[in-house]
Structure formats: structure tokens, C-alpha cells
Amino acid sequence: MRAAKHDVPWFPGLVLAALVFTAVFAFYLAPHSPTAGDITQKLIPPLWMERGDWEHPLGTDRFGRDVLSRIIHGSRISLIVSLIAIGVAGTIGTLLGLISGYRGGVTDAVLMRVTDIGLSLPTILIAVVLVAVSEPSFSNVVLVIALLLWPRFARQMRGETLAIKEQDFVALAVVAGRSSAWIISRHIFPNVVPTLLVISTLQVGYVVLLEGTLSFLGVGVPPPSPAWGLMIADGRGFLATAWWISLFPGLAMVLTVLSVNLLGDWLRDHLDPKLRQLGRAAVLEAPAAASVGSPVDEAPVRGAAGGGDGA
């Protein structure tokens, strides 16, 4: 049973592998163009319903565009936005976190105050305002998401750096006269890579949701791009009659986010067994404390009763 918990979660792994494969080979897998429509083919239902056919397995939207093809190409948008935004945010946040944690003093205070301000901002509201002001486009969506994500990386990397710089091997490097840049690049950064990998994985789901939210609100990737959030928004007026327009891209988004989060949790437990042990200890500690507390509370009562009997 215990060994099974360390096995790679096959379901989220399979879903994410399918997502990456679909995104990479979207132009070969999609049966139709994601943007070309045929008004005579509009609102065709999925193939298992009446009027459904194999030419459009998941149906068509109000413009006659194939829903399956748009979902397949939409996976490219979600994957590319996630990779670029997390790459930019991770680079900036990791660099600032390493510098802040290692240097300390005024540098740490200034960088962490800026980080705290970034973490305290309402993410979706700020993203909507920034994208709307700068004009919705693919590049602006990526830059805005990266701008909102880097404080998360900076805070985590700073905490890891504070713990690692107290280790003996770092102190020996300082005594040996190594520069700060050398110590950070050779000793500290390699030790924060597992944490960086976990954070990056968990942020993929967040970016997919954020990009989908922006597209749904009309300030994300502009139409006719087949962004999942935009597809869900397009089907709002047809939920009673053509529910497949919104349902299938919504399911794709839910499966992606759920799979990424499950895989991120597994990576966290696998790369940081101490975290798993601390979690188990915390769960066991509460019942133990409660069971220990009862005899302690009852001891004076029993003592008083014994004293009364003796008298």
C-alpha cells in the first residue's frame, strides 16, 4: 500500500501526455480548420445524437466550426501560454528570490515588500485591467500572467535560500573566499531546483484557468482563436439547445487542471519526502495530544477522590 503511493499517478500522467501530444501535432490531428466555418453546418450535435455525424464527432458551433478541431488547437494555446508565462515568471522570481534570501538586509527587505505587494493584489482583476488597457493579444496575455506570477516564485525561492545558506557547505565556500554569484550558482540554486519544479508544475493549472478566465471575459486571446475560455463564452447563449459548444472545452480545461494538480502533488511528495513525513506527523499529533490530555486533566480528580477515601 505504501509503495503504491510512490507510483507515478497514471491517470493525470496519461491526460497530460495526451495534451502535449495533441498540442504538438494539432495540425495533423484536427480533422478541420479551427477557424474556418460553414454556416450551413452550424449547430450540428455530437455524433451519438440525432443529426450527428462522424465528420464532426463533437458537433459544430454557431458558425459551423468543428468543436473537436477547436479543442485540439486550443490545447496549443493553453500549453504555449503556460510554458512561456511560467518560464518568464520562474526566471524572474527565482533570480530575485535567490538574491533576496542570500543577501538579506536592505536588499531582502525591499524585494520582499515588492513581492508582498504583488501577492496581495487581486490577480484576476489586475489581469483584466492590464490586458484591457494594453489591448488583448497573445503576447500581452503572456506578459500579464508572467507579471502576476513571479512573486509566487520569489517568495518560495527566498525561503529555500534562507534555509540552504545556513548549511555547512555554504559556510565553507564563504570561508574559502568564493563570490556570492559562485555560491548561489553552484551551491544554492541546484538545491532549490526540486522546489522550483514542483511550483512550476502546480502553476500550470493556475495559468490554464487564468488564461481561460481572461478569454471568457473577452480580454484574453482574441477571436477567432480557439482558446478554451473563448469557446465556453461562445456557447453561453446556446446552453439549452447546443450545450456541446461550452461543455467539451470546459471538460478539457477541468481535466487539464485536475491532472496538473495531481501530478504536482505527487512531485512534491516524491521530491520532498520530509514534507510528506511532516504532514503525517501533524495528522497523528492531534489525536495523540487529545488522548494524552485526558489523563492529565483527570489526575487531580482521582487524587482528590483518593485523599477523601483515606480520610
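The values are calculated or read from the model by the stated rules, or taken from the named source; none is laboratory data. Values in this document were obtained by computation on a predicted structure and should not be read as measured data. FYI the Cβ positions are ideal-geometry reconstructions off the backbone, even for glycines, and counts take in every protein chain you see.
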Worksheet item: In region 114-131, is there at least one residue being surrounded by fewer than 15 Cβ atoms within 10 Å (Cβ to Cβ), charged (D, E, K, R) and not in a helix (DSSP H, G or I)?
Response: no
Worksheet, complete the sentence: Going through region 175-185 in order, the residues found to be under 13 Å from Tyr102 (Cβ atoms) and out of contact with any helix residue (DSSP H, G or I) (no Cβ under 7 Å at 6 or more places or on another chain) are Arg178, Ser179, Ala181, Trp182, Ser185
Worksheet, complete the sentence: The lone condition Ile199 fails out of (1) in contact with a His (Cβ under 9 Å, 6 or more places away or on another chain); (2) closer than 28 Å to Trp150 by Cα is (1)
Worksheet item: Do we find a residue being in a helix (DSSP H, G or I), surrounded by fewer than 17 Cβ atoms within 10 Å (Cβ to Cβ), among the polar types (S, T, N, Q) and at negative phi anywhere in region 193-201?
Response: no
Discussion item. Residues to consider are Ala233, Ala289, Ala227, Ala240; find the one that is modelled with pLDDT under 85 and among the small types (Gly, Ala, Ser).
Written reply: Ala289
Practice prompt. For Ile99, work out the one condition from (1) touching a residue at least 12 places away in the same chain (Cβ under 8 Å); (2) aliphatic (A, V, I, L, M); (3) more than 28 Å from Gly220 (Cβ to Cβ); (4) not in a helix (DSSP H, G or I) it doesn't fulfil.
Written response: (4)
Fill in: Residues located in region 52-71, provided they are in a loop (DSSP other than H, G, I, E, B) and either within 16 Å of Gly235 (Cα to Cα) or of a type in the set (Lys, Arg) (or both)
Leu58, Gly59, Asp61, Arg62, Phe63, Gly64, Arg65
Fill in: So Leu83, is it touching a strand residue (DSSP E or B) at 6+ places or on another chain (Cβ under 8 Å) and under 18 Å from Ala18 (Cβ atoms)
no
Practice prompt. State all residues of region 161-186 that are under 14 Å from Met112 (Cα atoms) and surrounded by 18 or more Cβ atoms within 10 Å (Cβ to Cβ); if no residue qualifies, say none.
Written response: Thr161
Worksheet item: Filtering region 73-85 down to residues that are among the β-branched types (Val, Ile, Thr) and surrounded by fewer than 24 Cβ atoms within 10 Å (Cβ to Cβ), which residue is nearest to Gly118 (Cα to Cα)?
Response: Ile84
Worksheet item: Is it the case that region 35-51 has a residue that's part of a helix (DSSP H, G or I), farther than 21 Å from Met253 by Cβ and of a type in the set (Ser, Thr, Tyr)?
Response: yes
Item to complete: Would you confirm whether any residue within region 200-223 is of a type in the set (D, E, K, R), touching a Ser or Thr at 6+ places or on another chain (Cβ under 7 Å) and more than 21 Å from Thr115 (Cα to Cα)?
Response: yes
Item to complete: Considering only residues that are of a type in the set (Gly, Ala, Ser), surrounded by 15 or more Cβ atoms within 10 Å (Cβ to Cβ) and under 24 Å from Arg76 (Cα atoms), look in region 33-62 and name the one that is modelled with the highest pLDDT.
Response: Gly59
Worksheet item: Could you say whether any residue in region 202-215 is over 26 Å from the mean Cα position of the chain (by Cα), at pLDDT 90 or above and either surrounded by fewer than 23 Cβ atoms within 10 Å (Cβ to Cβ) or not acidic (Asp, Glu) (or both)?
Response: no
Worksheet entry | Flag for Ala242 being surrounded by fewer than 24 Cβ atoms within 10 Å (Cβ to Cβ) and small (Gly, Ala, Ser) | yes
